[in-house]
Amino acid sequence: MRLAILSAKAELHSTQRLVAAATARGLEPHVLSPLCCQLTLNAEGPALYYQGERQPTFAAVLPRVGHELTLLGATVLRQLQTMGSYSPTSAAALLSARDKFHALQLLLAQGLPMPATAFGSSPEQIPRLMAEVGGAPLVIKVLEGSQGIGVSLADSPQAARSTLEAFLGAKVNVLVQEFISECAGQDIRLLVIGEKVVAAMARQAQDGDFRANLHCGGQAHAITPTDAECAIAIKAAQTLGLGIAGVDLLRSARGPLLLEVNSSPGLEGIEKACGLDIAGLMVDFVLSHCR
């Protein structure tokens, strides 16, 4: 069975883990960079060429597209789905999940708890944006960032105004979010596959940083999530149409709060922290749907 792994960098740890897991199960994995795909539509139907060669149909595709290639990756993914490939994440779901504010709009509509969040587009709106999230300290996030990149903590009104003026003045889309101080630089990541939370870890930011992302130097250890946390994570993934998702929560004084949902969760940190073959579970999930 041919499995496409849509990834711009074949050497990435998560991509290599998926290749190894698929190979161990007797599948034929192919890493496809969206940058090397050519798509055609004609009377014979849709086709995909990779590095100049027309590709036979793939039974399934696992999208592992970085945020910088979201639109291109979604276009290629949509073509593969049109050609009959199964994907745990649709092109529409990928686009929704990558737009952080749109994703939060969809999640809030389902009654999921989250920190107060605001979005604006001009410097004149800064006072209202700050007021809506309770003032400084507050968190500022680039709308399509990942791995903690483009996330900053403004710990004073002056810092918040100057940071927002810089972003909005440069026409960079950002959202402003309530800072949950009692979390003390810790969040939790729940890995959802289908209708189950298969792994969970707590991430602690390094000294001097509030971002718990492992790419920013955070440390992680396995945890047992509560039933409430699992229910939020599963509902969040299903709301966005993601068969596989990494869901980030905060353990706040008012209960678990949904931070964001990742459509292409990294494997290295959570596999190491939990001692589980997450890549194998992902491939097994895809395989079960193909069968």
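The values are calculated or read from the model by the stated rules, or taken from the named source; none is laboratory data. Keep in mind that what you see is a predicted model, and the values were worked out from it rather than measured. Every residue, glycine as well, gets a Cβ built from its backbone with ideal geometry; the counts of neighbours run over all protein chains shown. To get the accessible areas, we keep the full protein, side chains included, count just its heavy atoms, and leave off ligands, DNA and RNA. Shrake-Rupley method; radii C 1.70, N 1.55, O 1.52, S 1.80 Å.
What's the FRET efficiency of Glu53 with Gln238 using the Cβ-Cβ distance as r and R₀ = 35 Å, to the nearest 0.05?
The calculated FRET efficiency here is 0.40.
Can you tell me how much longer the chain between Leu72 and Leu41 gets when fully stretched, taken as 0.36 nm per residue apart minus their C-alpha distance, in nm with one decimal?
So the extension gain works out to 9.5 nm.
Taking the convex hull of the Cα atoms, report for region 16-155 its projected area averaged over all directions, in nm².
So the Cα hull casts an average projection of 12.1 nm².
Taking the mean number of other Cβ atoms within 10 Å as a proxy for protection, how do you rank 242-251, 178-187 from highest to lowest? All intermediate terms of the calculation are to be shown ahead of the outcome.
Numbers: 242-251: 23.3, 178-187: 16.5.
Descending mean neighbour count gives 242-251, 178-187.
Given charges of +1 on the Cβ of Lys and Arg and -1 on the Cβ of Asp and Glu, with all other atoms neutral, how large is the dipole of the chain about its Cα centre, in debye to the nearest 20?
That gives a dipole near 420 debye.
What distance in nm lies between label points placed 7 Å from Cα along the C-beta direction at Glu195 and Ser122?
Once both label points are built, they end up 4.9 nm from each other.
Of all beta bridges DSSP finds with both residues in the chain, what is the antiparallel percent, to the nearest 5?
Once the DSSP bridges in the chain are tallied, antiparallel ones form about 80 percent.
Among Ala103, Ala43, Gln81, flag the residue with its Cα farthest along the positive direction of the charge dipole of the chain, charges on Cβ as +1 for Lys/Arg and -1 for Asp/Glu.
Ala43
From the Cα trace of region 87-198, what convex hull volume per residue do you get, rounded to a whole Å³?
Looking at region 87-198, the number lands at 128 Å³ per residue.
Can you give the percent of C-alpha pairs in region 168-291 whose distance is more than 20 Å? Intermediate values should be presented prior to the final figure.
Numbers: 3489 of 7626 pairs.
Percentage above 20 Å: 46.
So what's the net charge close to Leu276: Lys and Arg +1, Asp and Glu -1, counting the other residues with Cβ under 14 Å from its Cβ?
Local net charge: 0.
Rounded to two decimals, what ratio of Rg to Rh does region 11-77 give with C-alpha atoms and a Kirkwood Rh?
Numbers: Rg = 13.0 Å, Rh = 13.2 Å.
Ratio of gyration radius to Kirkwood radius: 0.98.
State, as an integer percentage, the relative contact order of the chain based on alpha-carbon contacts under 8 Å between residues 6 or more apart.
Once normalised by length, the contact order is 17 percent.
What accessible area per residue comes out for the chain, rounded to a whole number of Å², with a 1.4 Å probe?
Accessible area per residue: 45 Å².
Just by accessible area at a 1.4 angstrom probe, what is the order of Tyr50, Tyr86 from largest to smallest?
The ordering from most to least exposed comes out as Tyr86, Tyr50.
With label points built 7 Å along Cα→Cβ from the Cα atoms of Thr226 and Ala159, find their separation and express it in nm.
Each label point is offset 7 Å from its Cα along the Cβ direction, giving 3.0 nm.
Given that just one value was derived from the coordinates, which of (i) 76, 37, 26; (ii) 52, 43, 40; (iii) 58, 42, 33 is Cα extents along the principal axes in Å?
Label (iii) holds the value from this structure.
Of Asn262, Ser288, Leu164, which is farthest towards the positive pole of the chain's charge dipole, taken about the Cα centre with +1 and -1 on the beta-carbons of Lys, Arg and Asp, Glu respectively?
Ser288
Sticking with the crude label model, points 7 Å out along Cα→Cβ, report the distance from Gln219 to Gln105 in nm, one decimal please.
4.1
What do the square roots of 5 times the Cα gyration tensor eigenvalues come to for region 220-268, in whole Å, largest first, as semi-axes of the equivalent ellipsoid? Don't skip to the end; give the middle numbers.
Working: eigenvalues 62, 40, 18 Å².
Values for region 220-268, descending: 18, 14, 10 Å.
Taking Lys100 as the anchor, which lysines have their alpha carbon closer than 24 Å to its alpha carbon, excluding any fewer than eight residues away along the same chain?
Counting by Cα, and skipping residues close in sequence, Lys100 has these lysines nearby: Lys9, Lys141, Lys171, Lys196, Lys235.
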